[in-house]
1. Being in contact (Cβ under 8 Å) with a residue 60 or more places away in the chain and either of a type in the set (D, E, K, R) or more than 27 Å from Leu48 (Cβ to Cβ) (or both) narrows it down to one residue among Asp160, Asp169; which is it?
2. Of the residues Ile174, Ile133, which is farther than 20 Å from Phe24 by Cα and touching a His at 6+ places or on another chain (Cβ under 8 Å)?
3. Failed condition for Gln142, given (1) more than 15 Å from the chain's Cα centre (by Cα); (2) assigned to a helix (DSSP H, G or I), with all others met?
4. Search the range 120-132 for residues that are among the β-branched types (Val, Ile, Thr) and pair each with any residue that is exposed (fewer than 14 other Cβ atoms within 10 Å of the Cβ) when their beta-carbon atoms are under 9 Å apart and the residues are at least 6 apart or on different chains.
5. Are any of the residues in the range 9-22 of a type in the set (A, V, I, L, M), in contact with a Pro (Cβ under 6 Å, 6 or more places away or on another chain) and within 19 Å of Val190 (Cα to Cα)?
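Nothing in this text is a laboratory measurement; each read-out follows from the coordinates by a stated rule. These numbers come from a predicted model, not from an experiment. All Cβ positions, even for glycine, are placed from backbone atoms using ideal geometry, and neighbour counts span all protein chains on display.
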Amino acid sequence: MSEIVLKNVSFAYEKNLVLQNINFESNCNDFLAIIGPNGGGKSTLLKLILGLIKPKSGSIKILGKDPQKQKNILAYVPQNINAHQIFPITCLEVTLMGRLKSKGLGFYSKNDYKKAYEAMEKVGIKHLANENISNLSGGQRQRVFIARALCSEAKIILLDEPTASIDTDGQIQIYKLLKTLNKNIGIIVVSHDINMAVTFANKVAHVNKNLFLHHIHKNEAKQHFIENINLTSGHICPIEIINQSPCDHHEHHKEN
């Protein structure tokens, strides 16, 4: 059974339909990238999976249960926004916040500190433990928030535009880090960078009210795909053009 399963999910803000009939599954060994235009429903999809909002119709299951009952399974990394930079807090203190879900109120234990240092070491910022987060670069700050997610011991991490406002080299380093972490945990990342998504993900979902899922096959012969591509469908996805990987959608590639 897949860890995350969405069936016929639709969502609307009042009368504005944002997502329609969404169906897909994701596992702990997946690196799933979610792409699409602004306003297409990418961030809304993350909120649905996290259980922050409920679907208008359809079902969402995390290990067979509603998202609200499985919050320890998932961890969330928000966009790198300025509000994080001005708050007077160290990298270690931010990372330790990942332990709050499991401990509730009270002081951090020795094991909590152990998990925090282990998480920071995994993302390469252990030497910055006592550094104020406001003194870090954009890429370093994102590593701190990823460390916080790891510290919660979640099985799947969801990231919303983790490389926004980070230079090209920093973006590549973040995606390389996520790919390394993907050996042990699932990764779901919202991204505007199609090339980055194709390079590192094994699945890419193109979201614009509807969802079209692509399985990325690194060794697939491109010429073979081009010869068999069917552009008569109403959905012509940029993933197909860049990666030559067909959509996993019943309306996209119809039999002649």
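1. Asp160
2. Just one listed residue meets the conditions, Ile133.
3. With respect to (1) more than 15 Å from the chain's Cα centre (by Cα); (2) assigned to a helix (DSSP H, G or I), Gln142 is out only on (1).
4. Final answer for the pair search is none.
5. yes
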